[in-house]
Amino acid sequence: MKIAIVDDDLVYSSYLKAILTKLGKKFFVRLNLDVYSSGNEFLKSDKKYNIVMMDIMMPEKDGIETALEMRQTNPEAILIFQTTSDTHYKDALKCHAYDYINKPYSEEEIEKLFVDIFRTLPVDSHYVVINSQGIELSVMIKGIICVISDKHYLDFHVSNHPVIRSRMTISDFIAAANEDKRFLPINRGVLIN
């Protein structure tokens, strides 16, 4: 998933990048993060992003102007405005923004926002919550290679991650995955994705 952070404030862009990196690991989502310090720098890149986190108050070209230009070449990007001002809601709506968050924001606010975004993305981006050793892990369904039943436990073999062990049944997992049709039973107690 490609994400652009466009903010002239290095403190906020670094903080947001750290939060998103942490969320990528937590939700098993590979994130490609690019940081731009101005709207002009962002527009010159000519890259297309899945998500754009845009500050509104920037010198030269503000976030609203930048977003309107971006929409001409990347209309499907999820646009999230971040700002210290409450006065730009109407302008943000004209840019078809997904959300508008006020600075300072917390890590929890950003996580809630991204959980909402994950729910709106195509099926390939959905995840399932697995409890392993008392810790709830959000695992992207497309990253699960196979699930193997071992007595009262399931072993989840996930790409780029060690095996995740959870006390649950195959039926519990299928229900948690909203009966995702990509899982094929190949033997009793074995599902492949």
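The values are calculated or read from the model by the stated rules, or taken from the named source; none is laboratory data. Every value quoted in this text rests on a predicted model; they were computed, and no experiment measured them. Cβ: placed from backbone, ideal geometry, glycine included. Neighbour counts: every protein chain shown.
Return yes or no: is Arg119 part of a helix (DSSP H, G or I) and basic (Lys, Arg)?
So Arg119 passes the test.
Determine the pairs where a residue that is touching a residue at least 12 places away in the same chain (Cβ under 8 Å) and of a type in the set (A, V, I, L, M, F, W, C), located within region 35-49, has a partner that is surrounded by fewer than 18 Cβ atoms within 10 Å (Cβ to Cβ) and in a helix (DSSP H, G or I) with Cβ atoms under 7 Å apart, the partner being 6 or more residues away or on another chain.
Going by the 7 Å Cβ cut-off, the qualifying pairs are Leu43/Glu69.
For region 125-180, please list each of the strands (runs of 3 or more DSSP E) lying entirely inside it that holds at least 1 residues being within 22 Å of Met1 (Cα to Cα). Steps first, answer last, please.
On the way: elements: 127-132, 135-140, 144-150, 153-158, 164-166.
The qualifying strands (runs of 3 or more DSSP E) are 127-132, 135-140, 144-150, 153-158.
Okay, residues lined up against (1) free of Cβ contacts under 8 Å to residues at least 40 places away in the same chain; (2) of a type outside the set (S, T, N, Q); (3) crowded, with 20+ Cβ neighbours inside 10 Å:
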{"residue": "Ile51", "(1), (2), (3)": "no, yes, yes"}
{"residue": "Glu60", "(1), (2), (3)": "yes, yes, no"}
{"residue": "Tyr89", "(1), (2), (3)": "yes, yes, no"}
{"residue": "Ile117", "(1), (2), (3)": "no, yes, no"}
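Quick one: would you say Lys22 is of a type in the set (D, E, K, R) and touching a residue at least 40 places away in the same chain (Cβ under 8 Å)?
yes
When you look at Glu41, is it outside any loop (DSSP other than H, G, I, E, B), loosely packed, with under 15 Cβ neighbours inside 10 Å and among the acidic types (Asp, Glu), yes or no?
No: the conditions fail for Glu41.
Do we have any residue at all in region 8-31 that's outside any helix (DSSP H, G or I) and more than 26 Å from Val139 (Cβ to Cβ)?
Here is the first cut: in region 8-31, the residues outside any helix (DSSP H, G or I) are 8-9, 27-31.
Still in the running and more than 26 Å from Val139 (Cβ to Cβ): 8-9.
Within region 8-31 (the criterion being outside any helix (DSSP H, G or I) and more than 26 Å from Val139 (Cβ to Cβ)), the answer is yes, since at least one residue qualifies.
Suppose we keep only residues that are crowded, with 17+ Cβ neighbours inside 10 Å and touching an Asp or Glu at 6+ places or on another chain (Cβ under 8 Å) within region 15-35. Which one would you say is farthest from Val158 (Cα to Cα)?
Ranking the candidates gives Val35 first.
May I ask you to verify whether Asn193 is surrounded by 17 or more Cβ atoms within 10 Å (Cβ to Cβ) and among the polar types (S, T, N, Q)?
yes
Being exposed (fewer than 11 other Cβ atoms within 10 Å of the Cβ) and of a type in the set (S, T, N, Q) narrows it down to one of Ser138, Ser106, Ser132, so name that one.
So the residue among Ser138, Ser106, Ser132 that is exposed (fewer than 11 other Cβ atoms within 10 Å of the Cβ) and of a type in the set (S, T, N, Q) is Ser106.
Of the conditions (1) surrounded by fewer than 16 Cβ atoms within 10 Å (Cβ to Cβ); (2) more than 30 Å from Met54 (Cβ to Cβ); (3) out of contact with any Phe, Trp or Tyr (no Cβ under 7 Å at 6 or more places or on another chain); (4) of a type in the set (A, V, I, L, M, F, W, C), Val163 clears all except one; give me its number.
The number of the failed condition is (3).
Step by step: first the residues of region 14-26, then only those that are within 13 Å of Ile110 (Cα to Cα) and hydroxyl-bearing (Ser, Thr, Tyr), then the one that is modelled with the highest pLDDT. Which residue is that?
Per the criteria, the residue is Tyr15.
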